[in-house]
Structures are given as C-alpha cells and as structure tokens.
1. Once you order the gyration tensor axes a ≥ b ≥ c over the Cα atoms, which shape class does region 52-103 get: rounded for a/c under 1.5, otherwise prolate or oblate by comparing a/b with b/c?
2. Do the sum for the chain: with -39,500 (n - 2.57) for every DSSP H run of n ≥ 4, divided by all residues, what is the mean residue ellipticity at 222 nm, to the nearest 500 deg cm²/dmol?
3. Relative to the first principal axis of the alpha-carbon coordinates of the chain, what is the inclination of helix 150-163, with its axis defined by its Cα atoms, in degrees from 0 to 90 and to the nearest 10?
4. Just grab the label-to-label distance for residue 185 and residue 233, each label 7 Å out from Cα along the Cβ direction, in nm (one decimal).
5. How would you order 84-92, 57-65 from highest to lowest mean count of nearby Cβ atoms within 10 Å?
6. Find the relative contact order for the chain and round it to a whole percent, using C-alpha pairs within less than 8 Å whose residues are 6+ positions apart.
7. What do you get for the angle between helix 27-37 and the principal long axis of the chain? Use alpha-carbon atoms, 0 to 90 degrees, nearest ten.
8. Within 10 Å, count the other beta carbons around each residue, average over each peptide in 264-270, 226-232, and list them highest first.
C-alpha cells in the first residue's frame, strides 16, 4: 500500500471514487489470482483497470503478454513512464480509454486487438451478432485477469462471455454481490440472467472472499475473487438469443411463466412446455437447460403471424 501511495503522491494523484478506484494491496492475493488463472509465459492476458500496475508487474514478471486498458489519464501516464521498457518491447500494450463502448460492446480499439488475437474479423457495435455456430476454443487466445472496477465488471464480463469465445477464462476480483450472481443456482435469490449466461459458457468457481482491508482505499463492500473457465462445449451457440430470452423472462422473476410468455411472446395455450416446465413455473426455479429448452419451444411454436400456439 505504501508503494501505491508513493506512486500516486509523486504525481499529485489520488484514488477517484467516481472511477471505482480501490487498489488491491495484498500481494499474496495478487499472486493467487495469477496462479488460479493458469496463464503461462508467452500467453496473452487482458487487464482492465491496471491502476498503478501492481498486478501488471506480476504478469510481466512471468513473461506473460499483456493488453491493459486504463481510463484514468493520470494513471495511464504513470504506467507509460513506469513500464516504458515493456511497452517498447511489445510485451505490454497499453490502451487509454473506457474498456466499454456503451453497455453492449467493448472499446473499438480493444475489440480490434482481441479479435485479431482470436483470429476473428471485427464487427461494428450494434450490428447483427455473428452467425450462430459451435464455438471453438481449441486454441484460446487470451484470458481476463483483473481487479475490475466495480462499475465495469458486469457489462465487461458479459461481453466477453457472449462475444469472445477466444477468451478462455475470466479470473477477477469483483464486488461480492456480482460474484454471487455469476455463480448462483436456481431457487436462490441471486439467480438470474448473469447466472444463466455464466453456466451456458463457463464453469464458475468461487476462489476467496476479500474483506475491505485487502484494498486501498477501503471500499464500503466486500469483494470476491472468482474464476470462470470457458466450457469446451457451450450450452448453445446461440448465446445472444438465450441472453435476450432470459432477460425477458426474469424481468418479473416471481411472475408465472404462462403470463410472461403470453405478454412478451404472444404464446397461446395449450402450449407444449418442455419437461419439468408448466405455465405456473417461474424463471427463478428453472435450470439454464430448462430455460434454453423453453426458448426453443417458444421459437418452434411461433406461427407466421407471430403468435405461439
């Protein structure tokens, strides 16, 4: 913590609460995060919100290639000076700006770099998603390893899960409530769209609970270290459609599905519900596989007039 304070004070900088700047200062936890990720020398890591570069240092010391994106002008300049040698050698690529372009896409420059590393062509934010296909991660190109700014965590992680099959895993510290939602099971209060998308794409593991004293300045909330490892075979290649469907049926999580499907998808009874699902079921009680089966049933029953019978 003293080192971080010294680095900031030397440049007249201070943590900005508006940017969610709570620096992870327990070096044992920093090492643990990198260890859990399994990243090897020569492989590529994406770091969002590198701050003063403590986690970046750990990655670089292991000869990992790093793409780091920093929004704060002062911290970006600090990193440019402090890590100039690694930037010059090409081991570190440093981007200045927001990692997100709105809520549904990554920063265009970051998106281009990641898609190039995945061997994929770029596409414009807001365009139709890529043609559904089996996602091949036999040659994963990068993994996210980061102490994420709280405000960016959910949209960033969701984008990587949905649009970047080359991302082999997400190894992050986040607000505990966010971590709980990604790893929640049916019939629990935290279960929702994030849980379904995480299950559809990854194996989720809770690594550790991090009290406020692990950070400087201390946040008002407890944090968590979690690992999301990409599945070799996702639940479905149609992840965007599944994400939109579960978002719709979870908007009123306690409402019975019969009413939701009638209002949002023009479903008419009698309707062939999947096994274990009925008009009286609620989204919060259904497994991701059941929700996918329900989505397919709704699509399969759609008539040319848009009604489902």
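No value in this document is a laboratory result; all are computed from the given coordinates. Because the structure is a prediction, the values reported are computed rather than measured. Note that we place each Cβ from the backbone using ideal geometry, even for glycine, and neighbour counts take in every protein chain shown.
1. Verdict is prolate for region 52-103.
2. Working: 12 runs with 116 residues, N = 309.
Here the helix-only value at 222 nm equals -11000 deg cm²/dmol.
3. So the helix axis and the longest Cα principal axis differ by about 60 degrees.
4. Taking the two extended label points, one gets 2.3 nm.
5. On the way: 84-92: 13.9, 57-65: 17.4.
The packing order, highest mean first, is 57-65, 84-92.
6. Values: 522 pairs, mean separation 46.4, N = 309.
Relative contact order here is 15 percent.
7. Helix 27-37 and the main axis of the chain meet at about 50 degrees.
8. Put in order of decreasing packing, that is 226-232, 264-270.
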